[in-house]
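Asker: Before anything else, here's the structure in question.
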Amino acid sequence: MSKFKIGLTRDFLSPDGKLTYKDMGLGVLDAERSVEHAFFDRHENPVAAAQLRDLDAVISLAPGYTADSFRGVERLAAIFRFGVGYDMVDLKACTEANVAVFITVGAVNYSVAEATIMWMLALSHRLVAKDKLVRAGRWAERSNYMGSELRGKTLGVVGLGGIGGKLVELLRPFGMKRSLVFDPYLKPERARELGVEIVALDRLMREADFVSVNCPLNDETRNLIRAEQIALMKPSAFLINTARGGIVNEAALVDALQSKRIAGAASDVYEKEPAGKDHPFMQLDNILLAPHCIAWTDELFAEIGTMACRQAVAFAKGEIPSGLVNREVLERPTFKAKLARLQKK
């Protein structure tokens, strides 16, 4: 009986072919006799069809998938995204190719929420500026760099999914005044459970001391926070984006930071990644930056990896694990046939 073949994208490995991450759950695959796995022999973005033709599934870190990725690919049945974002995957093309797309729902919540709080504290307490004072021998200037506390402040969350919910939960001991949420899909009972207030985006931007962007990037959220919304923010407010580039208009944010219309910002994501050295953000001292990895920890990768590998093993047995994004694929006859073959193994 043939084994269920899983490919892992090459970006899990360093240039010399060694596993970059301490633990990404591969023990789950090693323990399953009906499954075999191997890393791609090269990195291509988007993934090439030749890399997929002999596989049943892929566990994928960063590369994209387009319609060309599936030309002549008939065996592939699933892509397991290492994370919760899937804007790099053409969902329509996946569905038409009879490929199910899964994300690791919940696995990133704690790490991203904790990283957001770290940025909130670093910004409000002017951590970088104070570090520079000491290194430059400017101790006497310290009174010019007063910070502010989270206590009594208002949090604004744009998109209250798992990450936003965990952020609200972890911030409770800090004594923030209230949490405002903009999320057209948030159910009132969930808002009551978390003790948050659902408001319009403009009100959130106007009243929040910290705006945390946590929604996915899609047609509804692209350029959601533009110059008009940023102009509503308090001069003392901070904007933090750990979601996706393209949700916040970068040009508008740069303009607000250059003119000091807001106190500062932090961004883990960019409209074009990787961000080049000539990006306007690089010239600003009131924004903190990270290369789309601010929440990356050993614990995070172990949790995401274990979940993705368990999803793949469950799928190899003909099950549909949690985290399916393109549910419409379940109704397609060719996909049903793929699933039926797995169930007969």
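Asker: So residue 288 passes all but one of these: (1) in contact (Cβ under 8 Å) with a residue 60 or more places away in the chain; (2) under 25 Å from residue 105 (Cα atoms); (3) not aromatic (Phe, Trp, Tyr). Which condition number does it fail?
Answerer: Unmet for residue 288, out of (1) in contact (Cβ under 8 Å) with a residue 60 or more places away in the chain; (2) under 25 Å from residue 105 (Cα atoms); (3) not aromatic (Phe, Trp, Tyr): (2).
Asker: Could you say whether any residue in region 193-204 is among the small types (Gly, Ala, Ser), in the same structural domain as residue 119 (by TED's automatic domain parsing) and in contact with a Phe, Trp or Tyr (Cβ under 9 Å, 6 or more places away or on another chain)?
Answerer: Yes, because at least one residue in region 193-204 is among the small types (Gly, Ala, Ser), in the same structural domain as residue 119 (by TED's automatic domain parsing) and in contact with a Phe, Trp or Tyr (Cβ under 9 Å, 6 or more places away or on another chain).
Asker: I would also like to ask the following. Within the group 36, 44, which residue is surrounded by fewer than 20 Cβ atoms within 10 Å (Cβ to Cβ), more than 24 Å from residue 292 (Cα to Cα) and assigned by TED's automatic domain parsing to the domain that holds residue 340?
Answerer: That would be 36, the only listed residue that is surrounded by fewer than 20 Cβ atoms within 10 Å (Cβ to Cβ), more than 24 Å from residue 292 (Cα to Cα) and assigned by TED's automatic domain parsing to the domain that holds residue 340.
Asker: Sticking with this one: Residue by residue through region 21-40, note down the ones that are in a loop (DSSP other than H, G, I, E, B) and over 15 Å from residue 60 (Cβ atoms).
Answerer: 22, 23, 31, 32, 33, 34
Asker: Can you find even one residue in region 62-71 that is farther than 24 Å from residue 296 by Cα, part of a strand (DSSP E or B) and among the basic types (Lys, Arg)?
Answerer: No; the residues of region 62-71 include none that is farther than 24 Å from residue 296 by Cα, part of a strand (DSSP E or B) and among the basic types (Lys, Arg).
Asker: Does region 35-46 include one or more residues that are hydrophobic (A, V, I, L, M, F, W, C) and modelled with pLDDT under 95?
Answerer: For region 35-46, residues hydrophobic (A, V, I, L, M, F, W, C) and modelled with pLDDT under 95: absent.
Asker: Looking at (1) over 16 Å from the mean Cα position of the chain (by Cα); (2) without any contact (Cβ under 8 Å) to a residue 40 or more places away in the chain, can you tell me which one residue 310 breaks?
Answerer: The number of the failed condition is (2).
Asker: A further question follows. Please determine, by comparing only the residues of region 201-212 that are assigned to a strand (DSSP E or B) and not polar (S, T, N, Q), which one is farthest from residue 92 (Cα to Cα).
Answerer: Here the residue is 210.
Asker: What residue, of 68, 11, 54, is of a type in the set (D, E, K, R) and either modelled with pLDDT under 95 or closer than 22 Å to residue 310 by Cβ (or both)?
Answerer: Selected residue: 11, the only one of 68, 11, 54 that is of a type in the set (D, E, K, R) and either modelled with pLDDT under 95 or closer than 22 Å to residue 310 by Cβ (or both).
Asker: Let me ask something additional. Go through (1) in contact with an Asp or Glu (Cβ under 6 Å, 6 or more places away or on another chain); (2) farther than 19 Å from residue 108 by Cα and name the single condition residue 245 misses.
Answerer: With (1) in contact with an Asp or Glu (Cβ under 6 Å, 6 or more places away or on another chain); (2) farther than 19 Å from residue 108 by Cα applied to residue 245, the lone miss is (2).
Asker: Is there a residue in region 229-249 that is of a type in the set (D, E, K, R), in the same structural domain as residue 114 (by TED's automatic domain parsing) and part of a helix (DSSP H, G or I)?
Answerer: Looking through region 229-249, none of the residues is of a type in the set (D, E, K, R), in the same structural domain as residue 114 (by TED's automatic domain parsing) and part of a helix (DSSP H, G or I).
Asker: So in region 213-228, with the set limited to residues that are in a loop (DSSP other than H, G, I, E, B) and of a type in the set (A, V, I, L, M), which one is modelled with the lowest pLDDT?
Answerer: Here the residue is 217.
Asker: Can you tell me how many residues within region 281-336 are assigned to a helix (DSSP H, G or I) and surrounded by fewer than 16 Cβ atoms within 10 Å (Cβ to Cβ)?
Answerer: Qualifying residue count for the region: 12.
Asker: Now a separate question. Is one or more of the residues making up region 261-277 part of a loop (DSSP other than H, G, I, E, B), farther than 29 Å from residue 94 by Cβ and under 21 Å from the mean Cα position of the chain (by Cα)?
Answerer: Yes, because at least one residue in region 261-277 is part of a loop (DSSP other than H, G, I, E, B), farther than 29 Å from residue 94 by Cβ and under 21 Å from the mean Cα position of the chain (by Cα).
Asker: If you don't mind, there's one more thing I want to ask. Residues of region 153-164 being more than 22 Å from residue 235 (Cβ to Cβ) and crowded, with 21+ Cβ neighbours inside 10 Å, which ones?
Answerer: 159, 160, 163, 164
Asker: When you scan region 202-231, how many residues do you find that are surrounded by fewer than 18 Cβ atoms within 10 Å (Cβ to Cβ) and among the aliphatic types (A, V, I, L, M)?
Answerer: Within region 202-231, residues that are surrounded by fewer than 18 Cβ atoms within 10 Å (Cβ to Cβ) and among the aliphatic types (A, V, I, L, M) number 2.
Condition check ((1) more than 27 Å from residue 244 (Cα to Cα); (2) not small (Gly, Ala, Ser)) across all residues:
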{"position": "61", "(1), (2)": "no, yes"}
{"position": "64", "(1), (2)": "no, no"}
{"position": "67", "(1), (2)": "no, no"}
{"position": "73", "(1), (2)": "yes, yes"}
{"position": "78", "(1), (2)": "no, no"}
{"position": "84", "(1), (2)": "no, yes"}
{"position": "90", "(1), (2)": "no, yes"}
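The values are calculated or read from the model by the stated rules, or taken from the named source; none is laboratory data. Not measured: the values here are computed from a predicted model. Counting neighbours? That spans all protein chains shown, and the Cβs are built from the backbone with ideal geometry, glycine included.
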